[in-house]
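Colleague: Take this structure, written in structure tokens, and hold onto it; I'll ask about it next.
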Amino acid sequence: MTAARQSAALGASPASLTWYRRSGWLLALGTAAFAVAVAGYLAYVLAHPSGQWMRPVDLRVYTDGGLIARDVRPLYHPHFPSPLYDWPGYLSLKFTYPPFAALAFTVLSLPSFSALANISVGVNIAALLTTVWLTLGGLGYRRGLARLGVTLLLAAPLLWTEPVQRTLFLGQIEIVLMTLVIWDLCQPDRRWWKGAGVGIAAGIKLLPLIFIPYLLLTRRFRQAAVATGTFVLTVLLGFAVLPADSRKYWLGGLFVSGSRTGFVGWDGNLVSPISWDHHWVWIVPGVVTAAVYAVRARSLATRLALGGLAAGIVLVFGAWPGILWGQSGNTGGFFEGLIWAPPSTNPEVYFRLGDRPWYAEYHWHGLQLITGNLYVLAGMALFVLLIVLAAGPAARAARATSRAAGRLTPATAAPPPG
């Protein structure tokens, strides 16, 4: 969205911006709310063993991939045809990302792992705040104390959603990649390098490739070309530095292997058979957008509907403690959120044994089928809602054209020949 369009969007409902001009109380309220959210997290961290609030197995895979890319032994085995992808993995978790990701992860392999784990929590929380800030900017709100206050106010409940907490628990990079993509897409269209962030993010994890069709559908062809070209450059860089691994990943078909979670990039969240809960951090800009349009709405019914949507997403994706439905108290971040309410198989058991017919998920019934698949069902509902909202303006435009044609009178019509 260009700056002119942002200003026009804001100017459409000046009454809804009165609250935004009160920067003092917004900043105070936002600071208090976010301080309470962070204090609650820190209190839990200080009162529980580290295994209950963080088990950074994914962060370990990243750093091990970076060490292998740096040829650091004993993880690096020079006799392996493909040292990166022949590596047996950490707790059976193999490196599933493109070779360029391993090059990017070399930075993570430099500090001690204990220090890196703590740093990752701070970086992810900072990325959460940045995502909310950028989303507000993309929706047209200028920089200032009011925007900072709204950022803190919205980030407070979003910090306690299950996808965000799961990202902190595992040391994942989903929030960081989301921030990179949103920062890129919120740049003015006139900047020639817009799209590069999408390409870099896709070079690390394939999932952001879905934004290239989005750019094409919105007729941003140059930005789509920049994103595609940047992604291709990451592939070429991988071939230049890690040729054997690149050949196995790209030419050997590893990137489309159903047994490797890297293939999730092609599927997106809804259709992927391995759509992990931390992929749903995209609810963050979704909640921000719903809240903003609730404030901008002219009718009370629309405001209540959009406000309810924002609150409903937070409630559905909330990091509700597993003790509410009888989970043992030592499971930590693995069992937060409503999707873990039904009986479930520990992911570590799945990674160790593979698929088994006796897993609890195959025997769900009744309400368990709804809560256990809550994220997918919620995503499908939001997808349908987006289609309806997108179809609305087109239908209104068609009706206006039809009415205009119907008002054509004989006096304004072209005279008959002769």
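Colleague: Can you pull out the trypsin sites (Lys or Arg not before Pro) in the stretch 291-387 that DSSP calls coil and that have at most 14 other Cβ atoms within 10 Å?
Modeller: Working: sites: Arg296, Arg298, Arg303, Arg352; in loops: Arg298.
Sites meeting the loop and neighbour criteria: Arg298.
Colleague: For the stretch 130-143, in order, what is each residue's ³J(HN,Hα) by Karplus, 6.51 cos²θ - 1.76 cosθ + 1.60 with θ = phi - 60°, in whole Hz (x at glycine and Pro)?
Modeller: Working through the residues one at a time gives 5, 4, 5, 4, 5, 5, 4, x, x, 8, x, 8, 6, 5 Hz.
Colleague: In the neighborhood of Phe211, defined by Cβ-to-Cβ distances under 11 Å, what is the net charge if each Lys or Arg adds +1 and each Asp or Glu adds -1? Don't jump to the answer; show the numbers that get you there.
Modeller: Numbers: positive: Arg220; negative: Asp184.
Local charge sum for Phe211: 0.
Colleague: Could you tally the net charge around Gly229, taking each other residue with its Cβ under 13 Å from the Cβ of Gly229, Lys/Arg +1 and Asp/Glu -1?
Modeller: Values: positive: Lys194, Arg222; negative: none.
Here the count lands on +2.
Colleague: Right, another one. Could you list which residues have their amide H under 5 Å from that of Thr161, counting only those 5 or more apart in sequence or on another chain, with H placed in the peptide plane?
Modeller: Correct list: Ala319.
Colleague: Please work out the Kirkwood hydrodynamic radius for the stretch 115-206, using every pair of different C-alpha atoms, and report it in angstroms with one decimal place. Could you put the intermediate results ahead of the total?
Modeller: Values: mean 1/r = 0.0712 Å⁻¹.
So the Kirkwood estimate lands at 14.0 Å.
Colleague: Each residue of the stretch 366-378 in turn: what ³J(HN,Hα) in whole Hz from Karplus with 6.51, -1.76, 1.60 and θ = phi - 60°, glycine and Pro shown as x?
Modeller: Those phi angles translate into x, 5, 4, 5, 7, 5, x, 10, 4, 5, 5, 5, 5 Hz.
Colleague: To continue, here is another question. Would you please name the trypsin sites (Lys or Arg not before Pro) within the stretch 152-255 that are DSSP coil residues with at most 10 other C-beta atoms within 10 Å of their C-beta?
Modeller: Numbers: sites: Arg166, Arg190, Arg191, Lys194, Lys205, Arg219, Arg220, Arg222, Arg247, Lys248; in loops: Arg190, Arg191, Lys194, Lys205, Arg219, Arg220.
When the trypsin sites (Lys or Arg not before Pro) of the stretch 152-255 are filtered for loop state and at most 10 Cβ neighbours within 10 Å, Arg190, Arg219 remain.
Colleague: Can you tell me how much longer the chain between Ala126 and Trp192 gets when fully stretched, taken as 0.36 nm per residue apart minus their C-alpha distance, in nm with one decimal?
Modeller: Numbers: separation 66, 0.36 × 66 = 23.76 nm, distance 2.73 nm.
That works out to 21.0 nm of additional length.
Colleague: Could I ask something else about it? Convert each backbone phi in the stretch 29-45 into a coupling constant with the Karplus relation 6.51 cos²θ - 1.76 cosθ + 1.60 (shift: θ = phi - 60°), then list the ³J(HN,Hα) values in order as whole Hz, x for Gly and Pro.
Modeller: 5, x, 4, 5, 5, 6, 4, 5, 4, 5, 4, x, 5, 5, 5, 5, 4
Colleague: Based on the Cβ-Cβ distance from Arg247 to Leu110, what FRET efficiency comes out when R0 is 30 Å, to the nearest 0.05? Walk me through the numbers before you get to the answer.
Modeller: Working: r = 27 Å, r/R0 = 0.91.
That pair, Arg247 with Leu110, gives E of 0.65.
Colleague: Once you list every other residue whose beta carbon is under 14 Å from the beta carbon of Phe169, what net charge do they have if Lys and Arg are +1 and Asp and Glu are -1?
Modeller: Details: positive: Arg55, Arg60, Arg166; negative: Asp58, Glu162, Glu174, Asp277, Glu336, Glu348.
Taking every Cβ under 14 Å from that of Phe169, the sum is -3.
Colleague: Mind giving me the FRET efficiency for Ser23 and Gln368? R0 is 60 Å, r the Cβ-Cβ distance, nearest 0.05 is fine.
Modeller: Details: r = 47 Å, r/R0 = 0.78.
Efficiency, rounded to the nearest 0.05: 0.80.
Colleague: Would you work out the Kirkwood radius for the stretch 3-321? I mean one over the mean of 1/r across all pairs of different Cα atoms, in Å. Walk me through the numbers on the way to the answer.
Modeller: Working: mean 1/r = 0.0475 Å⁻¹.
Mean inverse Cα-Cα distance, inverted, gives 21.1 Å.
Bear in mind these aren't lab numbers, they're just calculated from the coordinates by the rules spelled out. All values derive from a computational prediction rather than experimental measurement. Virtual Cβ from ideal backbone geometry, glycine too; neighbours counted across all protein chains shown.
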